[in-house]
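Remarks on the structure that follows.
The values are calculated or read from the model by the stated rules, or taken from the named source; none is laboratory data. What you are looking at is a predicted structure, and each value in this text was computed from that prediction instead of being measured. Backbone-built Cβ (ideal geometry, glycine too); neighbour counts: all protein chains shown. Remember, those area values only see protein heavy atoms, side chains included, never the ligands or the DNA or RNA. Shrake-Rupley method; radii C 1.70, N 1.55, O 1.52, S 1.80 Å.
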Amino acid sequence: MHQAPEQFKHNARQALGNLQLRKNFRGAMDFLQAKRKGVLPDDEFASLSARGEAIKQRCLSQLPELLEQLEAQCTKNGIQVHWAATVDEANGIIARIVRAVDGKLALKGKSMVTEEMGLNHYMASHGVDCLESDMGEFIVQMANEGPSHIIMPAIHKSAVEIAQLFEEKIEGVAYTEDVDTLIAIGRNQLREKFKRADVGISGVNFAVAETGTLCLVENEGNGRMCTSVPPVHIAVTGIEKVVQWLQDVPPLLSLLTRSATGQPITTYFNMISGPRKGDEKDGPEQVHLVLLDNGRSQAYADEELRKTLQCIRCGACMNHCPVYTRIGGHAYGTTYPGPIGKIISPHLLGLEATQDLPTASSLCGACEEVCPVRIPIPKLLQRLRAESQSPQSLAMQGAGASYSRLEASIWTLWSWACVHPRVYRIGSMMAARFRKCIGWLPSAWKTGRTMPIPAARTFHERYRQRRQQP
Ligand code: SF4
């Protein structure tokens, strides 16, 4: 996927002007919010999310050891484990595996990590056709777009837009807005390809270190097809997806499905423990696991940013974010949009490129409230905002930080005034008197906003007056 978070402001402005897009998102987000609420009563959510947070924090506290254990167990099970520090390395590993079997067609289950890697384009440049098999991903691939939501990739499209797309791109298909018919058309297309696929590629929701088991959550059955029909299965995941024990999976799974789609459980839950054994009738002959770092170690090294690695990619923070629900996912210009994207994109792409993203938040706290593993997103956003303006940016060193001398001087002056009451009083008195002059200044901030009417007197003046009253 081409990532362009630098264009966020421009993209957001355009998205806000697209009424159809806003309507699509509003309807979809309201629906998802209501579904989640129906299966996650507040009291149950409180205890389950505390458990989810504790599991993720325990697993992260011993991440290096668990990754080594996962590798050892997977190897014992016959799964070939590959380590990739960057997306280039991960793409190279997958290309080599596919080349070794002379593969020409790869079928993919839904995987945000492979979106992060831009795998489809990379493989196409190496002569391998990578076809998405998740219905939403299939649609966005056909439209030559990226996913706009981490769980529902084509949520930005209405049934009419999908009907037009199918009619235009699939030979012999007549225009129909009937959703079941559209799904049947897509499935028929894919079923043909599954028969010919050389390789299946999937993501991983949880990788169990204790047993070397790869867990995959899905609703369409395409994930099971990708991992069992082609002779080679390649699972790709970020290093943070490892959990210690098999018993860690059920609470996290329950939080994931209920937070993501409002389902008590998904239609399919796959547990992959190795390639086909001698006496088994189906399953792949080879199973590979690619473990990707891509900036995660950088976040891991920082105690505060490490919390971002707790994420189980449910998308609930996006569904409840007042910014995401209005501008949609593409405006962010990153693989992961919405609140979660704002806190992980800086360590994936660098803070300099993503410095506008943490500012796209009202800090209302809805994201933290619904997060099933209790990631303190608003606090992290504030940290990233401050860091993007600091000349001594530490945690995002590799990425570089933006620094405005003017802004830094303004904040220095402000801090000085705050600890000198006399200066502060005079300053706020002047500001109250002359605030109306702001309206005359040319500023982009005023476009689309109504200037507030300034109070005639400062808070201190009013307070003093009130105290003097008998
Ligand atoms: S940050 Fe929390 S709510 Fe958002 S996708 Fe991750 S786990 Fe879900």
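Quick rundown of the values:
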item: Neighbour net charge for E132 - beta-carbon separation under 12 angstrom, K R +1, D E -1; result: -3
item: Distant-in-sequence amide H partners of I201 (H built 1.01 Å from N, under 5 Å); result: L107, K108, G109, I234
item: Ratio of Rg to Rh over region 305-396 (Cα coordinates, Kirkwood Rh, two decimals); result: 0.93
item: Protein-only accessible surface order, largest first, of W414, W83 at 1.4 Å; result: W414, W83
item: J(HN,Hα) series, region 103-113, from Karplus relation 6.51 cos²θ - 1.76 cosθ + 1.60, nearest Hz, glycine and proline x; result: x, 10, 10, 10, 9, 10, x, 5, 8, 6, 5
item: Under the Karplus curve 6.51 cos²θ - 1.76 cosθ + 1.60, θ = phi - 60°, whole-Hz ³J(HN,Hα) for region 309-325, x wherever Gly or Pro sits; result: 7, 6, 4, 9, 6, 8, x, 4, 4, 5, 4, 10, 7, x, 7, 4, 5
item: Degrees, to the nearest 10: 63-77 long Cα axis against longest axis of the chain; result: 10
item: Approximate spin-label separation K169-E65, in nm, with each point projected 7 Å along Cα-to-Cβ; result: 4.8
item: Rounded accessible area of F269 (nearest 10 Å², 1.4 Å probe); result: 60
item: For region 61-117 versus region 296-347, the gap between their alpha-carbon centres in whole angstrom; result: 23
item: Extension gain from K277 to V39, taking 0.36 nm per residue of separation minus the Cα-Cα distance; result: 81.8 nm
item: Exposure ranking of R26, R296 by accessible area [1.4 Å probe, largest first]; result: R26, R296
item: Principal axis dimensions, largest first and in whole angstrom, of the chain by Cα; result: 92, 54, 45
item: Restraint check, K76/K281; K56/K342; K104/K157; K108/K379, Cα-Cα greater than 26 Å; result: K104/K157; K108/K379
item: Nearest 10 degrees, 0 to 90: helix 87-100 Cα axis against the chain principal axis; result: 10
item: Solvent-accessible surface (1.4 angstrom probe) belonging to D279, in square angstrom, nearest 10; result: 140
item: Nitroxide proxy distance, nm - points 7 Å out along Cα→Cβ at E304 and D178; result: 5.6
item: Net lengthening on full extension, N144/T75 (0.36 nm per residue, minus Cα-Cα); result: 21.1 nm
item: Cβ-based net charge around P147, under 10 Å, with every Lys or Arg adding one and every Asp or Glu removing one; result: -4
item: Region 57-160: C-alpha gyration tensor shape, a/c 1.5 cut-off, then a/b vs b/c; result: oblate
item: Y175 accessible area, 1.4 Å probe, all protein chains in place, Å² to nearest 10; result: 90
